[in-house]
Amino acid sequence: MSRIGRKPIVIPTGVEVNVANHEITVKGPKGTLNSSINPLLTVAVENGEIVVTRPNDEKTARSLHGLTRTLISNMVEGVTNGFKKELEVQGVGYRVAKQGKDLVMNLGYSHQVIMSENADISIEVPDANKIIIHGIDKQKVGQFAAEVREKRPPEPYKGKGIRYAGEVIIRKEGKAGKGSK
């Protein structure tokens, strides 16, 4: 048995879970999330807990068991607390600002890079070199953070660029001079 798959998910107060026709809907204080469930697995709501079971020990059922439980757990976590990703901008002249619903980034290009927040994502800019991305869907928050980071990924020589908070960039030594030994 999958260690993760067999753990029940406790439903917090204020969260409503509906399972019907291989579809799960989780409604909470921050919003509503929907997802489809593989027909191999069975999801049931019992005694204030969500239980994911599999019919047999075939490889596909085993591989989906823990995954499905984790995805449902992330949905419950998202509608109660939400998710956030923090990004740091490092480099001389690199700045970010928020104008309305747009994230405006000066990243050393000849133009400003502009990204708009959508219905699922909200952007917060506490200072000129920090970006915080909030949302209820973990996958969408991570994807948007990756797209922002992609605009100027950190480079290994000077460490300039956009990085996740706490991300360690392994620095490379510069090119050796002609006469150095």
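The values are calculated or read from the model by the stated rules, or taken from the named source; none is laboratory data. Just so it is clear, the structure is predicted and the values come from calculations on it, not from any experiment. Every residue, glycine as well, gets a Cβ built from its backbone with ideal geometry; the counts of neighbours run over all protein chains shown. Side chains are part of the model used for accessible areas, which takes the heavy atoms of the whole protein and leaves out ligands, DNA and RNA. Shrake-Rupley method; radii C 1.70, N 1.55, O 1.52, S 1.80 Å.
Limited to the range 110-157, what total is found for residues that are closer than 30 Å to residue 174 by Cα, in a helix (DSSP H, G or I) and open to solvent by 20 Å² or more (accessible area, probe 1.4 Å)?
Final tally of qualifying residues: 4.
Considering only residues that are outside any strand (DSSP E or B) and either touching a residue at least 24 places away in the same chain (Cβ under 8 Å) or acidic (Asp, Glu) (or both), look in the range 16-42 and name the one that is farthest from residue 76 (Cα to Cα). Give the derivation first.
Going residue by residue through the range 16-42, those that are outside any strand (DSSP E or B) are 21-22, 29-30, 37-41.
In the following step, the residues that additionally are either touching a residue at least 24 places away in the same chain (Cβ under 8 Å) or acidic (Asp, Glu) (or both) were identified as 29-30, 37-38, 40-41.
Details: 29: 11, 30: 10, 37: 15, 38: 18, 40: 22, 41: 18 Å.
It comes out as 40.
Open to solvent by 60 Å² or more (accessible area, probe 1.4 Å), more than 20 Å from residue 80 (Cα to Cα) and in contact with a Lys or Arg (Cβ under 8 Å, 6 or more places away or on another chain), is that true of residue 42?
Considered against the rule, which asks whether it is open to solvent by 60 Å² or more (accessible area, probe 1.4 Å), more than 20 Å from residue 80 (Cα to Cα) and in contact with a Lys or Arg (Cβ under 8 Å, 6 or more places away or on another chain), residue 42 comes out as yes.
State whether one or more residues within the range 77-87 are in contact with an Asp or Glu (Cβ under 8 Å, 6 or more places away or on another chain) and at pLDDT 95 or above.
yes
Among the numbered criteria (1) outside any strand (DSSP E or B); (2) open to solvent by less than 80 Å² (accessible area, probe 1.4 Å); (3) touching a helix residue (DSSP H, G or I) at 6+ places or on another chain (Cβ under 6 Å), which one does residue 4 miss?
Tallying (1) outside any strand (DSSP E or B); (2) open to solvent by less than 80 Å² (accessible area, probe 1.4 Å); (3) touching a helix residue (DSSP H, G or I) at 6+ places or on another chain (Cβ under 6 Å), residue 4 fails exactly one: (2).
State all residues of the range 167-178 that are open to solvent by 70 Å² or more (accessible area, probe 1.4 Å) and either touching a helix residue (DSSP H, G or I) at 6+ places or on another chain (Cβ under 8 Å) or not aliphatic (A, V, I, L, M) (or both); if no residue qualifies, say none. Working first, answer last.
Residues of the range 167-178 that are open to solvent by 70 Å² or more (accessible area, probe 1.4 Å), as a first pass: 168, 170-173, 175-176, 178.
Matches in the range 167-178: 171, 172, 173, 175, 178.
Just a yes or no: is a residue in the range 73-88 surrounded by 13 or more Cβ atoms within 10 Å (Cβ to Cβ) and without any contact (Cβ under 8 Å) to a residue 24 or more places away in the chain?
no
Conditions tested, residue by residue: (1) under 14 Å from residue 135 (Cβ atoms); (2) not polar (S, T, N, Q).
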{"residue": "30", "(1), (2)": "yes, yes"}
{"residue": "39", "(1), (2)": "no, yes"}
{"residue": "42", "(1), (2)": "no, no"}
{"residue": "48", "(1), (2)": "no, yes"}
{"residue": "65", "(1), (2)": "no, yes"}
{"residue": "73", "(1), (2)": "no, no"}
{"residue": "82", "(1), (2)": "yes, yes"}
{"residue": "90", "(1), (2)": "no, no"}
{"residue": "94", "(1), (2)": "no, yes"}
